[in-house]
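Q: The structure under discussion is supplied below as structure tokens; questions concerning it will follow.
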Amino acid sequence: MTRIIAGRAGSLTLEVPDAGTRPTSDRVRESLFGALESADALRGAAVLDLYAGSGALALEALSRGARSADLVEKAPRAASVIQRNTTRVTKAIGRDAPTAVHRTSAVAYLQIARGPFDLVFIDPPYDLAESELTHVLELLTGSLAPGAIIVVERAKRSPEPTLPAGLVADRSKRYGDTTLWWSSTAPPAED
């Protein structure tokens, strides 16, 4: 069972696609969102969730105060599940948060993405080739706000993602078979 952990839609159960996705565990999401809240990275953030699966990551961010969310998922069944989950979460949070579910590949979406995004979740299938992940990160850089946070979820056996110019590795954290790789854009210049 996947659920929204906290915020205005806390405890709301989410539908999960019947096949082809690997939802982020509650334990990993609790740790991830605790760190994001400590960094004050959620309130008012424009969120992008690539390889969205059930939409749990972006919807958790909305529940905790993100301003908007774009959820990208190419599998038709999963995209339908995300749309239903998004409708339920936005109703539960009681505000009209701009959301969009894009039924396309991450690469195709990023070729037309407008941004700027403050927070990006990238949770591709574990068998996604490293070269494709690198390409996604390269395409993403043009759609990021200054100081944006990017979180990539991979199998613990996967190598550290290759970051393009414009992104800086911040840290990684391992949770059982999962590793979260954090990176960011350069912070905005001080006046």
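What follows draws every value from the coordinates through simple rules; no lab data is involved. Remember, it's a predicted structure, so these values are computed and weren't measured experimentally. Here Cβ is always computed from backbone atoms with ideal geometry, including for glycine, and neighbour counts include all displayed protein chains.
Q: Listed highest first by mean packing, meaning other Cβ atoms within 10 Å per residue, what order do 174-181, 112-119 come in?
A: The most tightly packed comes first, giving 112-119, 174-181.
Q: Another question, then. Which value results when the Cα radius of gyration for the chain is divided by 2.2 N^0.38 Å?
A: Output field value: 0.94.
Q: Hey, got the dipole for the chain? About the Cα centre, +1 on K and R Cβ, -1 on D and E Cβ, debye to the nearest 20?
A: 640
Q: To continue, here is another question. Per the helix-only calculation at 222 nm, which mean residue ellipticity applies to the chain, given -39500 (n - 2.57) for every DSSP H run of n ≥ 4 and division by its residues, nearest 500 deg cm²/dmol?
A: Rounded to the nearest 500, it is -8500 deg cm²/dmol.
Q: Take the Cα pairs of the range 72-113, get the Kirkwood Rh, then feed it into Stokes-Einstein at 4 °C and 1.567 mPa s and tell me D in µm²/s.
A: Taking Rh from Cα pairs, D becomes 117 µm²/s.
Q: Under Stokes-Einstein, with the Kirkwood radius over Cα pairs standing in for Rh, what whole-number D in µm²/s applies to the range 55-157 at 25 °C and 0.890 mPa s?
A: Rounded to a whole number, D works out at 171 µm²/s.
Q: Counting other Cβ atoms within 10 Å of each Cβ, which trypsin sites (Lys or Arg not before Pro) in the range 16-59 have at most 13 and sit in a DSSP loop?
A: R43
Q: Right, next: Can you give me the long-range amide H partners of T104? Hydrogens built in the peptide plane at 1.01 Å from N, cutoff under 5 Å, separation of 5 or more residues or another chain.
A: HN-HN under 5 Å from T104: E73, K74.
Q: Viscosity 1.002 mPa s, temperature 20 °C: what is the translational diffusion coefficient of the range 1-94 from Stokes-Einstein with a Kirkwood Rh over Cα pairs, rounded to a whole number of µm²/s?
A: 165
Q: What is the distance in Å between the Cα centroid of the range 147-179 and that of the range 23-45?
A: Cα centroid of the range 147-179 versus Cα centroid of the range 23-45: 15 Å apart.
Q: Beta carbons within 10 angstrom, averaged per residue: use that to sort the peptides 137-146, 87-96, 49-58, highest first.
A: Descending packing order for the listed peptides: 49-58, 137-146, 87-96.
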